[in-house]
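What follows is one structure encoded as structure tokens, with my remarks underneath.
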Ligand SMILES: [Zn+2]
């Protein structure tokens, strides 16, 4: 599932694609399942709208449109955006096409069809459930201290909770916990102030590394992460815990364990994560 670094990478590629400033000339929906508003009102509303700005909040992409509309895309498991410059009939797993006045076509693909596209007027209430952005320059872990100290949940479950902190998923949670030497099953309330400090530093480091490496792509087909130019990321080459079952820990050589924790397949070092 694309997490904060993958959505941010996608955003960077959308900015490079000069989509901001262009107008939507047509919308073709091949599968209404991905829409949260009824078709054909959805299509009609979007025609002739200008894409003024593209941004990100948590794992959502936000297209700010003229007339106060927002197109919000959540990729979920296997959602994918692709930019092309020639019209062709719908390809496999292609659910939607936006035609632009620049002659480019932005397509939404999704093999597993969990991805969702929202057409909204009000972003504030839509995003009201989300916790803070960990890479926001104004972010300070201290605002989360009361929640951590009160929580009787495992730290992994707490970090995956988007209402606690936004943008983390299974990969970067495992990476941050490895970096901070914290066991994923450790009770949140039992973390020391020092451990919490180290953990939030590790979260930022893991996410930033993911962005610098242009995301984590776990395979080479369309259900794996790539940007709008079908460029895969390379962060998978730098992972320390995630996906490294039975491989030696890069710190202490103990074999990495894999266990179901917080309903997710979790990777950790049983020796140096305590
Ligand atoms: Zn280790």
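Read-outs: derived from the displayed coordinates by stated rules, not from any lab. All of these numbers come straight from a predicted model, not from anything done at the bench. Glycine gets a Cβ as well: all are built from the backbone with ideal geometry, and neighbour counts include every protein chain shown.
In table form, for the structure just shown:
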item: Ratio of the Cα radius of gyration of the chain to 2.2 N^0.38 Å, where N counts its residues; result: 1.06
item: Whole-number percent relative contact order across the chain, with pairs defined as alpha carbons under 8 Å at least 6 apart; result: 19 percent
item: Pairwise FRET efficiency - residue 150 versus residue 254, Cβ, R0 = 45 Å, nearest 0.05; result: 0.90
item: Residue 76-residue 20 pseudo-label distance in nm [points 7 Å out on the Cα-to-Cβ vector]; result: 2.9 nm
item: Gaussian network model of the chain, springs between alpha carbon atoms under 10 Å - residue of 104, 15, 92 with greatest fluctuation; result: 92
item: Max mean-square fluctuation residue, GNM over the chain, Cα-Cα springs under 10 Å, options 87, 155, 117; result: 87
item: Bins of 5 Å from zero: percent of alpha-carbon pairs in the range 1-122; result: 2, 11, 23, 27, 24, 11, 1
item: Point-to-point label distance, residue 230-residue 208, nm (Cα→Cβ direction, 7 Å offset); result: 3.4 nm
item: As computed over the range 177-274, the Cα convex hull volume per residue (Å³); result: 112 Å³
item: The chain: angle of helix 170-180 to the longest principal axis, Cα-based, in degrees nearest 10; result: 30 degrees
item: Angle between the chain longest axis and helix 193-212 axis [Cα atoms, degrees, rounded to 10]; result: 40 degrees
item: Geometric extent, Cα atoms of the range 170-210 - Rg, Dmax (angstrom); result: 9.7, 28
item: Whole-angstrom gap from the range 1-29 to the range 198-274, using each part's C-alpha centre; result: 25 Å
item: Over the range 59-193, relative contact order from alpha-carbon pairs under 8 Å, at least 6 apart, %; result: 21 percent
item: Added length on full extension, which subtracts the Cα-Cα distance from 0.36 nm per residue, residue 138 to residue 189; result: 15.9 nm
item: For the range 1-68, alpha-carbon Rg over 2.2 N^0.38 Å; result: 1.19
item: Principal-axis tilt of helix 4-16 within the chain, Cα atoms, nearest 10 degrees; result: 30 degrees
item: Spin-label pair residue 53/residue 101, simplified geometry with 7 Å Cα→Cβ offset, distance in nm; result: 2.0 nm
item: Contour excess over end-to-end distance, with Cα ends at residue 263 and residue 89 and 0.36 nm allotted per residue; result: 58.7 nm
item: Residue exposure sequence - 229, 23 - by fewest surrounding Cβ within 10 Å; result: 229, 23
item: Bins of 10 Å from zero: percent of alpha-carbon pairs in the range 143-215; result: 21, 59, 18, 2
item: Cα gyration tensor category, rounded, prolate or oblate, for the range 74-162 with a/c compared to 1.5; result: prolate
